[in-house]
Each structure stands twice: as C-alpha cells, then as structure tokens.
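Note sheet for the following structure.
FYI, it's all coordinate maths here, none of it is from the lab. As the structure is a computational prediction, the values presented were derived from the model and not from experiment. Positions of Cβ are generated from backbone atoms using ideal geometry, with glycine treated the same way; all protein chains shown enter the neighbour counts.
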Amino acid sequence: MTFTALDERMPYRTADTREIREVHRSLRRFSRYLAAVTPIVRCGDLDAAEATRDLAGEVVDIVRRLHAAEQDGLWPALLGYLFAADVAADEVLRVEARTGELDRLVRSIADAADRFGRSASGHDRDALALLVTRFYLELDAHLGDMERTVLPLAEHFLTYEQWQLVVAAFAAGVEPGRLIPVGARSRRQRFRSARRFACVQSKLGAER
C-alpha cells in the first residue's frame, strides 16, 4: 500500500498508537487464558464459576469500550482522510465491519457467562467454553488486522489530538486495578492488577 504525502493542512504531530497496542496484547493474553481455563472449571464450584464470569465480564467490557471509542473517533476521521486522499479503503471497511461481528459475539458471551456464574453447571460451562474459544480466535485475527492495516494508517493520517480523543473516550470512567491496562498506570496500580489476577487464578484452581 502506498501512502500519499502529508500536506500543509495536516499537523506534523501524528497519532501515537502504543497504548492501544498494549491493550491489544493484554486482550490477547486474557482472552487466551479465559479460553484455556473455562473448559476445566469445576462443575458445582460457585466461586470458580463467579470468577470465570467476572473475568469474561472484564474482557467483554474492554472490547465494548474499545469498539465504542473507535466507532466515535477512529473510523469517521480515518475514513474521511482516506476518501479525501483517494487511498483505497476496502481493507479498512472490512476491519470496521468485523467489529460488529465481534460485538454480537461478546453479547452472547456476556449472557452465557452470567448463566454459568449463577448455575456453575457443566452444560452452561461448556456453552461458555465454546463461545470464548471462538472469541479468542476471532479477536486475535481482528487485532492482527488492526495492527497491520488500520493503526499504521491512523499513525499516518490522524493528528495526535484526534487520536488522544479516541484514547480518552476508551479510558473514560475505568476504575483503577483493572486486569487489562487502560492508559498509563502507576506501579501500585500494576501491583493491584497482578494481585487481582492471582486471586482469579486461585479461585479457578488453575495456573496459565
């Protein structure tokens, strides 16, 4: 893909996507862990079922926040620049459409995780396990497309200020101590997240 040169109307300082790439790494880590541990959670163990539900809920929440921020701040601005510069946007449109497919999947995961958290039954666990395994594979592919296609274009076309609006919308209202990093975190916040994850692992009775 060939990029057109920046012109005088586009500020010199451009998007810095490192924070979002870090979120991607954490999403991969925790969705992979969720897919690995869910099938082996002990049936009838309500503590483990609730821990699984809570972990699934955090992954779902972060994906929803990320997609909402992209919908409001990334896609309109980036596609506007691509159309104005006469740069092919087919791949970007395909990646954008895939976010809708993932959103439908995370809604199913949220419902299944809630059922398993209340029942701790083998049937509900297995239904959730199928969904989170599919989710991990589809999310990994989607994030790969974002990193190969969309984020380099954002770095080229979007200003730093435009990108920071996306990051700010994503991070707004997120409480400290989340497992998945959102924005810059202090050493204390990182410790709280690590301690919380250790607690989740303990309840699930499995190390991954």
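Once you put a point 7 Å from the Cα of residue 174 and another 7 Å from the Cα of residue 40, both along the Cβ direction, what distance in nm separates them?
2.9
Rounded to the nearest 0.05, what FRET efficiency is calculated for residue 71 and residue 130 with R0 set to 22 Å and r the Cβ-Cβ distance? Mind showing how you got there, number by number?
Working: r = 27 Å, r/R0 = 1.25.
Computed FRET efficiency for residue 71 and residue 130: 0.20.
If the chain between residue 145 and residue 159 were fully stretched, how many nm would it gain, using 0.36 nm times the residue separation less the Cα-Cα distance?
Length gained, residue 145 through residue 159: 2.9 nm.
Give, as a single signed number, the net charge of other residues whose beta carbon lies under 13 Å from the beta carbon of residue 104, with Lys and Arg counted +1 and Asp and Glu -1.
Around residue 104, the surrounding residues sum to 0.
By how many nm would the segment from residue 114 to residue 86 grow when fully extended, if each residue of separation counts as 0.36 nm and the alpha-carbon distance is taken off? Could the numbers behind the result be given before it?
Working: separation 28, 0.36 × 28 = 10.08 nm, distance 4.61 nm.
Using 0.36 nm per residue and subtracting the Cα-Cα distance, I get 5.5 nm.
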